[in-house]
Amino acid sequence: MTVIVGLVHKNRVHLGADSASVSGLQLTVRADRKAFRNGPYVMGFTSSFRMGQLLRYAFQPPHPTGDLHGFMVTTWTDALRTCLKDGGWARKDSEQEQAGTFLVGIQGRLFSVWDDYQVAEHADGYAAVGCGDEIALGALHATANLGLAPRARLNAALAAADHHSAGVTGPYSYVSAPKK
């Protein structure tokens with residue numbers, strides 16, 4: 001359980017994450033961050049800390065080429081699948097591979113990667129994943145035209161999810177894509 005929020009501002013992707021690790025009714029505040037940089041990419045994960053550890057420390061994402069969405073759906077996802085399989089995280093059920101859910105930012109564009117390896121790009125310029133996603137999306141929508149800085153918008157979304165979801169808690173961490 002968690003919430004990861006992301007937005008695009010001035011051609012740069014910014015992510016925010018909570019610190020909750022939830023199992024049943026047990027809540028643990030984790031020191032290891034759910035949002036981080038991996039080369040030119042920013043990523044924020046939900047689903048499993050093991051998956052997040054592989055994304056952060058084992059995954060060597062390829063350098064983007066050509067059509068970015070097509071690249072993310074094919075070349076990038078193939079490298080991701082290999083990393084998760086090698087790390088013992090990917091699952092197979094009825095011959096269909098499954099992983100986890102996370103946000104990825106690269107070259108000023110924000111994507112969600114879902115547990116079936118579907119790659120979605122967000123037309124609104126913001127996204128959220130995790131158990132607090134709907135609450136965070138409401139806050140991101142409500143702050144879209146207020147002229148707030150990216151960190152303020154992310155914080156508002158995280159705080160709303162924290163207040164209204166039992167699976168979300170601070171402290172919050174933030175990461176932004178490298179400046180061009």
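Charges on Cβ only, +1 for Lys and Arg, -1 for Asp and Glu, centred on the Cα centroid of segment 92-165; of Gly108, Leu146, Ala161, which one is farthest towards the dipole's positive end?
About the Cα centre, the residue reaching furthest to the positive side is Leu146.
Work out the length of the dipole vector of the chain about its Cα centre, built from +1 on the beta-carbon of each Lys and Arg and -1 on the beta-carbon of each Asp and Glu, and round it to the nearest 20 debye. Display every interim value, and only then the final one.
Values: 17 positive and 15 negative charges, 165 e Å.
Magnitude of the dipole: close to 800 debye.
Between Arg151 and His69, what length in nm is gained on full extension when 0.36 nm per residue of separation is reduced by their alpha carbon distance? Kindly include the intermediate steps, with their values, before the conclusion.
Working: separation 82, 0.36 × 82 = 29.52 nm, distance 2.59 nm.
Gain in length upon complete extension: 26.9 nm.
Hey, rough spin-label estimate for Lys85 and Gln26, points 7 angstrom out along Cα→Cβ, what's it come to in nanometres?
3.3 nm
Between beta-carbons, use under 9 Å as the cut-off and find the net charge around Leu140, counting Lys and Arg +1, Asp and Glu -1.
Numbers: positive: Arg153; negative: Asp124.
Neighbourhood net charge equals 0.
Listed highest first by mean packing, meaning other Cβ atoms within 10 Å per residue, what order do 19-28, 53-62, 88-97 come in?
Working: 19-28: 13.1, 53-62: 16.6, 88-97: 11.0.
Most protected by this proxy first, the peptides run 53-62, 19-28, 88-97.
Return the ratio Rg/(2.2 N^0.38 Å) for segment 1-60, where Rg is computed over Cα atoms only. Provide the component values of the computation, followed by the final result.
Values: Rg = 12.3 Å, N = 60, 2.2 N^0.38 = 10.4 Å.
Scaled against compact globular proteins, the figure is 1.18.
Once you've got the Cα coordinates, tell me which of Lys34/Lys92; Lys10/Lys34; Lys10/Lys85; Lys34/Lys85 are over 26 Å apart.
Numbers: Lys34/Lys92 24 Å; Lys10/Lys34 23 Å; Lys10/Lys85 36 Å; Lys34/Lys85 20 Å.
Beyond 26 Å between Cα atoms: Lys10/Lys85.
Taking each pair of distinct Cα atoms in the chain once, what is the resulting Kirkwood hydrodynamic radius in Å?
On the way: mean 1/r = 0.0617 Å⁻¹.
Computed over the chain, the radius equals 16.2 Å.
HN-Hα J couplings of segment 152-168 from phi, Karplus 6.51/-1.76/1.60, θ = phi - 60°, integer Hz, Gly and Pro as x?
So the Karplus estimates, Gly and Pro as x, are 5, 5, 4, 4, 4, 5, 5, 5, 5, 5, 4, 5, 10, 10, 6, x, 10 Hz.
In segment 1-104, if every C-alpha pair distance is counted and binned at 10 Å from zero, what percent goes to each bin?
14, 43, 34, 8, 0
Check which residues have an amide H placed less than 5 Å from Val13's amide H, if you skip close sequence neighbours.
Amide H to amide H, under 5 Å and 5 or more residues apart or across chains, Val13 pairs with Gly108, Ala177.
Just so you know, all these numbers are worked out from the coordinates, no wet-lab data involved. For clarity, every value in this text was computed on a predicted model and none was experimentally measured. Heads up, the Cβs are rebuilt from the backbone with ideal geometry, glycines too, and the neighbour counts pull from every protein chain shown.
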